[in-house]
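For reference, the structure is listed below as structure tokens.
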């Protein structure tokens with residue numbers, strides 16, 4: 001367990017251990033509200049967070065903060081957030097629904113449901129199946145290497161069906177389908193695409209018709225109506241600044257949905273069987289078959305099923321305990337200030353009940369802070385131009401996700417922009433802000449760049465610093481290799 005998680009667990013444990021067992025059940029809602037309030041106010045971020053809780057006694061919403069959408073609206077159970085990869089659980093449910101209807105089979109090859117012109121990769125005679133796409137064991141990479149977006153803060157917006165088919169037709173698997181693989185947005189996006197093709201519609205329409213309408217989830221959509229847009233919380237990046245919304249037109253099944261806490265509590269309630277739904281037996285099959293959901297029974301007396309999500313400006317968590325029959329939803333239009341995944345899992349593992357009387361409690365503030373915002377530093381364009389160029393990073397066993405990364409930096413007026421190439425790197429243009437003459441920051445990822453100069457004052461290399469990743473050195477090259 002890393003230090004960040006240790007701090008979170010200690011902090012959250014202190015919140016509830018200050019209460020007796022009976023008072024904890026009575027006051028948990030107020031306690032959580034105080035915790036959320038202090039985190040938002042401490043970081044002075046104009047964002048909002050909503051926690052939804054449901055059990056056999058009913059549901060409750062705890063929220064704090066603003067939508068930051070040009071109004072003074074406060075976040076609540078009907079506030080719309082991007083839910084990112086929580087979308088994958090809907091894709092898993094759609095697959096199970098197709099199977100129950102006899103429209104697909106779990107072990108069918110995905111190639112069966114795509115145009116014949118698309119050559120799905122095969123390795124050692126093994127084809128990629130629908131099950132493998134839904135369980136991240138297909139052998140496909142996390143993201144395709146031909147995304148090539150215009151902007152890194154909206155990485156999937158420009159991706160087309162043609163580009164996806166071209167990538168699949170030219171990709172060579174490095175491991176057999178069915179063996180332990182990597183978490184793949186491409187794989188789950190492809191699954192959603194194949195399901196929609198088979199159903200003769202688009203992914204959003206299928207989710208609405210087969211999941212949202214039966215569960216009366218009227219605020220869960222990809223395309224927002226004017227009324228839903230008015231309730232959309234604006235996302236915030238790692239520095240607390242407004243972030244772009246994500247558009248995921250082709251790989252929708254991986255992370256395109258937007259929703260509210262009230263809608264997702266209906267989803268959780270149906271999963272738990274707290275509300276009657278014809279979808280409940282199919283939902284049960286999704287996690288029994290390992291389709292999208294993560295299942296954890298490490299804590300005795302629990303069976304926690306959950307999934308987290310995140311986009312450029314949002315974090316989300318949806319989970320439930322099948323044994324104790326309670327569920328939690330956490331939605332946040334920001335990054336890092338509150339560890340949404342840890343908060344959701346902690347609440348699922350805790351004892352809690354109905355609220356009778358509020359109680360004021362002081363809680364620890366020793367949790368990870370928002371990254372320091374970049375300063376409003378202006379540099380002479382000559383200094384900026386000395387940094388402009390191409391940088392190549394040598395392959396390293398210490399940083400396998402970024403092996404062979406290439407970085408290009410250019411100037412437009414008095415601003416610097418960058419773009420990377422390589423496995424699992426940020427694709428598309430991103431902003432680079434100066435903190436000093438040699439130290440810069442990438443707002444999108446929070447990474448720092450330190451430029452090294454020789455005795456003549458010319459930039460010769462750059463060092464990439466990012467939390468959780470060993471520092472990487474890149475050499476400035478005159479003629480970059482393609």
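The values are calculated or read from the model by the stated rules, or taken from the named source; none is laboratory data. Every value quoted in this text rests on a predicted model; they were computed, and no experiment measured them. Here the Cβ positions follow ideal geometry from the backbone for every residue, glycine too, while neighbour counts run over all protein chains shown.
Flag: residue 102 does not match the condition of being free of Cβ contacts under 8 Å to residues at least 12 places away in the same chain, more than 21 Å from the chain's Cα centre (by Cα) and part of a helix (DSSP H, G or I).
Let's see how each residue does on (1) within 21 Å of the chain's Cα centre (by Cα); (2) farther than 15 Å from residue 51 by Cα; (3) not in a helix (DSSP H, G or I):
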site	(1), (2), (3)
234	yes, yes, yes
265	yes, no, no
283	no, yes, no
290	yes, yes, yes
298	no, yes, yes
308	yes, no, yes
317	yes, no, yes
341	yes, no, no
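Taken together, 306, 316, 278 contain a single residue that is touching a helix residue (DSSP H, G or I) at 6+ places or on another chain (Cβ under 8 Å), surrounded by 15 or more Cβ atoms within 10 Å (Cβ to Cβ) and in contact (Cβ under 8 Å) with a residue 60 or more places away in the chain, which is 316.
Could you identify the single residue in 197, 140 that is assigned to a helix (DSSP H, G or I) and either surrounded by fewer than 19 Cβ atoms within 10 Å (Cβ to Cβ) or more than 18 Å from the chain's Cα centre (by Cα) (or both)?
Numbers: 140 fails: assigned to a helix (DSSP H, G or I).
Exactly one residue qualifies, and that residue is 197.
When each of 430, 393 is tested for being at pLDDT 85 or above, within 26 Å of residue 186 (Cα to Cα) and touching a helix residue (DSSP H, G or I) at 6+ places or on another chain (Cβ under 8 Å), the lone residue that passes is 393. Considered as a group, the residues in the stretch 108-132 that are without any contact (Cβ under 8 Å) to a residue 60 or more places away in the chain and touching a helix residue (DSSP H, G or I) at 6+ places or on another chain (Cβ under 6 Å) include one that is surrounded by the most Cβ atoms within 10 Å (Cβ to Cβ), and that residue is 128.
Being under 17 Å from residue 409 (Cβ atoms) and outside any strand (DSSP E or B) is the filter; apply it to the stretch 465-481 and report the residue that is modelled with the lowest pLDDT. Before you say what the answer is, go through the steps one by one.
From the stretch 465-481, those under 17 Å from residue 409 (Cβ atoms) are 465-466, 472-481; that's our starting set.
Retained after the next criterion (residues that are outside any strand (DSSP E or B)): 478-481.
Numbers: 478: 81, 479: 65, 480: 62, 481: 55.
Step by step, filter the stretch 465-481, then rank; the result is 481.
Restricting attention to the stretch 65-83, the residues that are farther than 28 Å from residue 323 by Cβ and surrounded by fewer than 23 Cβ atoms within 10 Å (Cβ to Cβ) add up to 10.
May I ask you to verify whether residue 173 is in the same structural domain as residue 105 (by TED's automatic domain parsing), in contact (Cβ under 8 Å) with a residue 12 or more places away in the chain and either closer than 22 Å to residue 314 by Cα or outside any loop (DSSP other than H, G, I, E, B) (or both)? In short, no.
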